[in-house]
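Inspection log for the structure reproduced underneath, given as structure tokens.
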Amino acid sequence: MRIYIPCDAAAIATGADKIAAAITAEATRRGVNAHIIRNGSRGMFWLEPLVEIVTPQGRTGFGPMTVADVPGLFEAPATHPKAVGLVEEIPFFAKQQRLTFARCGVIDPLDLDDYTAHGGFAGLAHAIKLGPAGICAEVKESGLRGRGGAGFPTGIKWETVRTAPADQKYIVCNADEGDSGTFADRMMMEGDPFSLVEGMTIAGIATGATKGYVYIRSEYPHAIQTLNTVIARARQAKLLGADIMGSGYSFDMEVFVGAGAYVCGEETALLDSLEGKRGQVRAKPPIPALVGLFGKPTVINNAISLFTIPVILEKGAKHYADFGMGRSRGTMPVQIAGNVKHGGLFEVAFGITLGEIINDIAGGTATGRPVRAVQAGGPLGAYFPPHMFDTPYDYEAFTKRDGLIGHGGLVVYDDKVDMAKMARFAMEFCAHESCGKCTPCRIGSTRGMEVMDKIIAGQEPEKNIALVKDLCETMKFGSLCALGGFTPYPVLSAMTHFPEDFSKAAIKLAAE
Amino acid sequence: MFKPELVNTIVDAHQGPDGLLTILHAIQEEFGFISEDAMRQIALRLNITRAEVYGVVSFYHDYRTQPVGRHVLKLCRAEACQSMGGDTNAAALLARLGVDWGGTTADGRLTVEPVYCLGLCACAPSAMLDGALHARLDAAGLENLAQEAL
């Protein structure tokens, strides 16, 4: 009997370790030979902990499991109350186009042979044949854009580093995934970590960098542990180090743990942090591609960009670019979170509308109440009301509607949400996380929070709303980085689309 | 108890241009917080000023300069958890314990700290108790979790 139980942090948080222990105990009690494999998550979090049993038809799922549900797995699995059928036929899963996440949840994340059997290191083998210029051309042709949020073409960044003369270059993976509503980096680091080793090695060969760092936030202890394990295993298998796969290229990498500063997800703040300093934003230019870590040319890519590299090199740029719309090529791992019935990871080609994702795929709210707002793109992303759910998931289409895709997170709210409170929270979060280098962000966020308090208290709402709008303009155009520069997005979108929440206090006061 | 030789061992194990954050992580792991004495010792060993060390310690939310309770409960305050009532539940717990964010109960058993996202956003609200993750915490679930530590 082969049984898959996820070791994903969200599965563990919902009890996967207890289920694994209960299954082991029950199997021993019954004298059944149970082979338990701890896989990553399939990304259907309403079903976690999701147990899968291998059958001749495929992997059948049971979830969300409790310890009390365990004996039933050994008695009558077909009629088990938590049976969900063949996992890959669940509509949420079957409707996806998984390229980056193809192996996540399928394989044993720590098993190098399992990784290789599922296409692992085929991309690296192809990359070695292409050579640095060939790899950069391939990545450019794929149309891959930075998945951290800025959407800068990855191939162009690599080409810049490749052609920069230097005695030392670096690859830095930004896995400081601090946006609320996002967990794609975490899932991949826990579910398919070897593909990051492969993606970073390809980046190293492409640009002439021999050293890589993965900057992981400290809030992800499982991901840190998993990645450290696979790096050691890759080194042992000579897939990291000198003369990788007999190619003559050398590359090695290590994990660096952050210390709980959201702003370190900004690339230049991350570099300062990696150098052991306060994570303060650097003024650009010079760009990190020319003057980056320790002053050397540095590729700094979001984890999902790097996780996507192996499949592009394995299946070809054209295969990847054939997915998507307009200038947004390929697929996006959309993360559906918050007050949502079917939350999880949904990888799909660009072009699907926000409404299809929220209503059709995710099935609306968890509370069963109407959806009132969706925050797209993390704490710095705009709030979308339902009448804008026709917006296609595409970098440019979101920009046109004063929003952003960001790292692909969507946080759903029901009709009980107070948007004035959310606007205040955006300012509070910015004040809490500001690195302090530029004035609009450092001072603006605190003043914004204070003025929001006045609006909520019903003090001169019209005058104070105008003041917040003016302040947002200053922050938007005067801040050094996206923290101060994008905090106005949630604030202004909340004011524009939900004005009733900002005059509510005033109306209440007037009525008294 | 501050032990200078232990600080020296940690500093020696993490030499390199990027070592300070790693050293601070190890110091906090060992002592529970980063004391003035530890900062002085690190500055001395790395040949940097105490202000530089303090600047880094005070910048990052993870580092503490005061001892904490026997148990540490981190509650997520970010948007996804708020959408499922995490903020309301957290406020109720803090009020019942009579502490503010970052505060420790009078008996020194429990410190409640804020955290902005644990990456469990599809199973909100979430929390971390002494490094162990917990998700789908409604008001009763959070209360039970706090009771484990009290």
- At most 11 other Cβ within 10 Å, DSSP loop - trypsin sites (Lys or Arg not before Pro), the range A:355-414: none
- the range B:13-64 and the range A:193-219: distance between their alpha carbon centers, rounded to Å: 27 Å
- Task: Provide the per-residue ³J(HN,Hα) series for the range B:60-65, in order, calculated from phi with Karplus coefficients 6.51, -1.76, 1.60 and θ = phi - 60°, each as a whole number of Hz, with x at glycine and proline positions.
- Result: 8, 5, 5, 7, 10, 10
- Query: For chain B, what does -39500 (n - 2.57) per DSSP helix run (n ≥ 4), summed and divided by total residues, give at 222 nm, in deg cm²/dmol to the nearest 500?
  - Reply: -14000 deg cm²/dmol
- Would you mind telling me the antiparallel percentage of the DSSP bridges in the range A:2-94, rounded to 5? 75 percent
- Message: Roughly how far apart, in whole Å, are the Cα centres of the range A:260-321 and the range A:119-159?
- Response: 14 Å
- For residues of B:59-67, the mean tally of beta carbons on other chains within 10 Å: 4
- Message: For Cα pairs less than 8 Å apart in space and 6+ apart in sequence, what is the mean separation divided by the residue count of the range B:4-59, i.e. the relative contact order in percent?
- Response: 34 percent
- Charge dipole of the protein assembly as shown built from unit charges on the beta carbon (Lys, Arg +1; Asp, Glu -1), centred at mean Cα; most positive-end Cα among B:110, A:335, A:81 is A:335
- Cα-Cα longer than 28 Å, checked against A:277/A:454; A:284/A:318; A:454/B:74; A:169/A:277, kept in input order, equals A:277/A:454; A:284/A:318; A:454/B:74
- Most to least packed among B:134-142, A:268-276, A:434-442, A:363-371 [average Cβ atoms within 10 Å]: A:268-276, A:434-442, B:134-142, A:363-371
- Note on the structure: Taking placed amide H atoms and a strict 5 Å upper bound, the residues 5 or more places from residue A:252 or on another chain that come that close are A:211, A:212, A:241
- Enter the mean number of other protein chain beta carbons within 10 Å of the beta carbon of each residue in B:69-82, as an integer. 5
- Message: I need the chymotrypsin sites (Phe, Trp or Tyr not before Pro) found in the range B:1-105, filtered to DSSP loop residues with at most 15 other beta carbons within 10 Å of theirs.
- Response: B:2, B:33, B:101
- Item | Amide H contacts of residue A:349 (H built 1.01 Å from N, under 5 Å, at least 5 apart or other chain) | A:97, A:332
- Item | Selected from B:99, B:56, B:11 as most flexible by GNM, with chain B as the system and alpha-carbon contacts under 10 Å | B:56
- Neighbour cut-off at most 13 other Cβ (10 Å), DSSP loop, GluC sites (Glu not before Pro), the range B:1-103: none
- Message: I'd like to know how the range B:4-59 sits against the 2.2 N^0.38 Å rule of thumb: what's its Cα Rg over that expected value?
- Response: 0.96
- Task: Scale the Cα Rg of the range A:24-90 by the rule-of-thumb value 2.2 N^0.38 Å and send over the ratio, two decimals.
- Result: 1.07
- Query: Peptide B:136-146: average number of partner chain Cβ atoms within 10 Å per residue?
  - Reply: 1
- Rounded to a whole number, the Stokes-Einstein D of the range B:57-150 in µm²/s (Kirkwood radius over Cα pairs; 4 °C; 1.567 mPa s) is 98 µm²/s
- Using the Cα gyration tensor of chain A, with a ≥ b ≥ c the square roots of its eigenvalues, what is the shape: rounded (a/c below 1.5), prolate (a/b larger than b/c) or oblate (neither)? oblate
- Task: Count the DSSP beta bridges whose two residues both fall in the protein assembly as shown, then state the antiparallel fraction as a percent rounded to the nearest 5.
- Result: 55 percent
- Taking placed amide H atoms and a strict 5 Å upper bound, the residues 5 or more places from residue A:101 or on another chain that come that close are none
- With only Lys, Arg, Asp and Glu charged, each at its Cβ (+1 for the first two, -1 for the last two), find how big the charge dipole of the range A:2-94 is about the Cα centre; round to the nearest 20 debye. 200 debye
- Message: Antiparallel versus total DSSP beta bridges in chain B: what percent is that, nearest 5?
- Response: 55 percent
- Dipole magnitude of the protein assembly as shown about its Cα centre, charges +1 at Lys/Arg Cβ and -1 at Asp/Glu Cβ only, in debye to the nearest 20? 720 debye
- Query: Once you put a point 7 Å from the Cα of residue A:254 and another 7 Å from the Cα of residue A:421, both along the Cβ direction, what distance in nm separates them?
  - Reply: 4.6 nm
- Would you mind working out the magnitude of the charge dipole of the range A:108-212 relative to its Cα centre, with +1 at each Lys and Arg C-beta and -1 at each Asp and Glu C-beta, to the nearest 20 Debye? 660 debye
- Between residue B:100 and residue B:144, what FRET efficiency comes out of the Förster formula 1/(1 + (r/R0)^6) with R0 = 25 Å and r the beta carbon distance, rounded to 0.05? 0.70
- Note on the structure: Note to self: C-alpha centroids of the range A:377-456 and the range A:225-259 sit apart, in Å, by 38 Å
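Read-outs throughout are calculated quantities, based only on the coordinates presented, and are distinct from any laboratory measurement. The structure displayed is predicted, hence computed values, not measured ones. With ideal geometry, Cβ positions are generated from the backbone for all residues, glycine too; neighbour counts draw on all protein chains shown.
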